[in-house]
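Supplied in C-alpha coordinates, the structure appears directly below.
The values are calculated or read from the model by the stated rules, or taken from the named source; none is laboratory data. Note that the structure is a prediction, hence the values are computed from the model and not measured. Cβ atoms come from the backbone with ideal geometry, glycine included; neighbour counts cover every protein chain shown. Note: areas computed on protein heavy atoms with side chains; ligands, DNA, RNA excluded. Shrake-Rupley method; radii C 1.70, N 1.55, O 1.52, S 1.80 Å.
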Amino acid sequence: MDSLNKRHQELEAAISAEIKHPGSDDLRIVELKRQKLKIKDQLREFRAQNNSPN
(Lines give C-alpha, C1' and ligand atoms only; values in the text may rest on other atoms or scores of the structure.)
Protein backbone atom coordinates (compact mmCIF):
# COMPACT_ATOMS: atom_id res chain seq x y z
CA MET A 1 0.00 0.00 0.00
CA ASP A 2 2.90 2.35 0.69
CA SER A 3 4.07 2.01 -2.88
CA LEU A 4 0.60 2.95 -4.13
CA ASN A 5 0.53 6.00 -1.86
CA LYS A 6 3.97 7.01 -3.07
CA ARG A 7 2.99 6.58 -6.72
CA HIS A 8 -0.19 8.60 -6.12
CA GLN A 9 1.90 11.45 -4.67
CA GLU A 10 4.36 11.24 -7.56
CA LEU A 11 1.54 11.53 -10.06
CA GLU A 12 0.10 14.52 -8.19
CA ALA A 13 3.49 16.23 -8.36
CA ALA A 14 3.85 15.41 -12.06
CA ILE A 15 0.39 16.82 -12.78
CA SER A 16 1.18 20.01 -10.88
CA ALA A 17 4.51 20.41 -12.66
CA GLU A 18 2.94 19.81 -16.06
CA ILE A 19 0.15 22.33 -15.43
CA LYS A 20 2.67 24.99 -14.37
CA HIS A 21 4.85 24.37 -17.41
CA PRO A 22 4.23 26.84 -20.27
CA GLY A 23 2.73 25.02 -23.23
CA SER A 24 1.74 22.05 -21.10
CA ASP A 25 0.62 18.89 -22.86
CA ASP A 26 -3.10 18.44 -22.22
CA LEU A 27 -3.03 14.80 -23.30
CA ARG A 28 -0.22 14.06 -20.87
CA ILE A 29 -2.16 15.74 -18.07
CA VAL A 30 -5.24 13.67 -18.88
CA GLU A 31 -3.18 10.46 -18.89
CA LEU A 32 -1.52 11.34 -15.58
CA LYS A 33 -4.92 12.07 -14.02
CA ARG A 34 -6.26 8.77 -15.36
CA GLN A 35 -3.35 6.90 -13.77
CA LYS A 36 -3.86 8.78 -10.51
CA LEU A 37 -7.56 7.85 -10.41
CA LYS A 38 -6.72 4.21 -11.10
CA ILE A 39 -4.33 4.16 -8.15
CA LYS A 40 -6.90 5.93 -5.98
CA ASP A 41 -9.40 3.18 -6.82
CA GLN A 42 -6.81 0.51 -5.98
CA LEU A 43 -6.14 2.18 -2.63
CA ARG A 44 -9.87 2.36 -1.90
CA GLU A 45 -10.28 -1.35 -2.69
CA PHE A 46 -7.29 -2.26 -0.55
CA ARG A 47 -8.64 -0.30 2.40
CA ALA A 48 -12.11 -1.80 1.98
CA GLN A 49 -10.66 -5.34 1.99
CA ASN A 50 -8.59 -4.67 5.08
CA ASN A 51 -11.46 -3.04 6.99
CA SER A 52 -14.03 -5.73 6.29
CA PRO A 53 -14.81 -8.17 9.13
CA ASN A 54 -13.55 -11.73 8.60
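What is the dipole size for the chain, taken about its Cα centre, with +1 at each Lys and Arg Cβ and -1 at each Asp and Glu Cβ, in debye to the nearest 20?
Details: 11 positive and 9 negative charges, 30 e Å.
So the magnitude is around 140 debye.
Let me ask you something else. Which entry in [x] 1.15; [y] 0.93; [z] 1.05 is this structure's computed Rg/Rh (Cα atoms, Kirkwood Rh)?
[x]
May I pose another question? Carbon and sulfur together cover what percent of the accessible area of the stretch 8-54 at a 1.4 Å probe radius?
52 percent
What length, rounded to one decimal in nm, is gained on full extension from K6 through to K20, with 0.36 nm per residue of separation minus their alpha-carbon distance? Don't jump to the answer; show the numbers that get you there.
Numbers: separation 14, 0.36 × 14 = 5.04 nm, distance 2.13 nm.
The K6-K20 span can extend by a further 2.9 nm.
Got a sec? Charge dipole of the chain, +1 on Cβ for Lys and Arg, -1 for Asp and Glu; which of I15, Q35, A48 is way out at the positive end?
Of the options given, the answer is A48.
Could you give each residue of the stretch 11-16 its phi-based ³J(HN,Hα) in whole Hz, using Karplus coefficients 6.51, -1.76, 1.60 with θ = phi - 60°, and x for Gly or Pro?
Using θ = phi - 60°, the values come out as 5, 4, 5, 5, 5, 4 Hz.
Report relative contact order for the chain in percent, whole number only (criteria: Cα-Cα under 8 Å, sequence separation at least 6).
With pairs under 8 Å counted, the relative contact order is 45 percent.
How much accessible area per residue does the chain have, counting only protein heavy atoms and a probe of 1.4 Å, in square angstrom?
82 Å²
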